[in-house]
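Step one of this worksheet: look at the structure below.
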Amino acid sequence: ETGVTQTPRHLVMGMTNKKSLKCEQHLGHNAMYWYKQSAKKPLELMFVYNFKEQTENNSVPSRFSPECPNSSHLFLHLHTLQPEDSALYLCASSHGGGANTGELFFGEGSRLTVL
Amino acid sequence: AQSVTQLDSQVPVFEEAPVELRCNYSSSVSVYLFWYVQYPNQGLQLLLKYLSGSTLVKGINGFEAEFNKSQTSFHLRKPSVHISDTAEYFCAVWGSSASKIIFGSGTRLSIRP
């Protein structure tokens, strides 16, 4: 398997549920990202990890909790979400540190619906 | 700081017609520039990139873009579009001093038969 894989592709959850999104990359990259894509809004960067360390948290509410156990895996833990959190969540990876040229490799996204 | 402006949120064109999607950026440092494409129900994929060298960059699916430093633009062009080019297109900039890529708000290209 190659590239960036996200699971699940679709998720429906109630406001009191706890769920997780998973991202895995097989590209040997050292940086991973979570983006939120809502209808009619620009792409929003949520979190960045470089060499497993969180280097950016773009003022994301605490109901979203990222986890990066190693350079190949990234999770987004979700709890007590709101209906406005319904969106497409995109994971991406890139070279890390000084090798980063800004080129991102995206997964196909996880479509989240919060009821 | 860097910023990216995509001047058109939607561009409708007829099949086999040429198309240009406009992108302007601002930056006080040298930049790398990208165009990404997002087909319906998919993630973004790289269409082409400018890192250095020739200002005319060719990408996948017959698209090309020209880096114009004096006009701070990186417009995307295709001489003849196909129905399969229906997608959203994102311009992006990465500055040498930045730690993250900045995306434009996207241009939705719709192709009419």
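In table form, for the structure just shown:
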read-out: Condition broken by A:LYS22, with the remaining ones in (1) open to solvent by 50 Å² or more (accessible area, probe 1.4 Å); (2) within 14 Å of chain B (Cβ to nearest Cβ); (3) closer than 12 Å to A:CYS91 by Cα satisfied; value: (2)
read-out: Any hit, region B:13-26, residues being without any contact (Cβ under 8 Å) to a residue 12 or more places away in the chain and either part of a loop (DSSP other than H, G, I, E, B) or within 14 Å of chain A (Cβ to nearest Cβ) (or both); value: no
read-out: Only one of A:PHE47, A:PHE106 that is within 13 Å of chain B (Cβ to nearest Cβ), open to solvent by 20 Å² or more (accessible area, probe 1.4 Å), touching a Cys at 6+ places or on another chain (Cβ under 9 Å) and of a type outside the set (Asp, Glu); value: A:PHE106
read-out: Complete set of residues in region B:73-104 that are surrounded by fewer than 17 Cβ atoms within 10 Å (Cβ to Cβ) and within 13 Å of the chain's Cα centre (by Cα); value: B:ARG77
read-out: Of residues in region B:51-71 being assigned to a loop (DSSP other than H, G, I, E, B) and within 14 Å of chain A (Cβ to nearest Cβ), the one surrounded by the most Cβ atoms within 10 Å (Cβ to Cβ); value: B:GLY59
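Here is a yes/no grid of residues against (1) more than 19 Å from B:SER9 (Cα to Cα); (2) free of Cβ contacts under 8 Å to residues at least 12 places away in the same chain; (3) outside any strand (DSSP E or B):
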position: B:PHE34; (1), (2), (3): no, no, no
position: B:LYS49; (1), (2), (3): yes, no, no
position: B:LEU76; (1), (2), (3): no, no, no
position: B:ALA92; (1), (2), (3): no, no, no
position: B:SER105; (1), (2), (3): no, no, yes
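The values are calculated or read from the model by the stated rules, or taken from the named source; none is laboratory data. Small disclaimer: the values here were computed from a predicted structure and weren't measured. No Cβ is skipped: glycine too gets one built from the backbone with ideal geometry, and neighbour counts run over all protein chains shown. These accessible areas exclude ligands, DNA and RNA; they are computed on the full protein's heavy atoms, side chains included. Shrake-Rupley method; radii C 1.70, N 1.55, O 1.52, S 1.80 Å.
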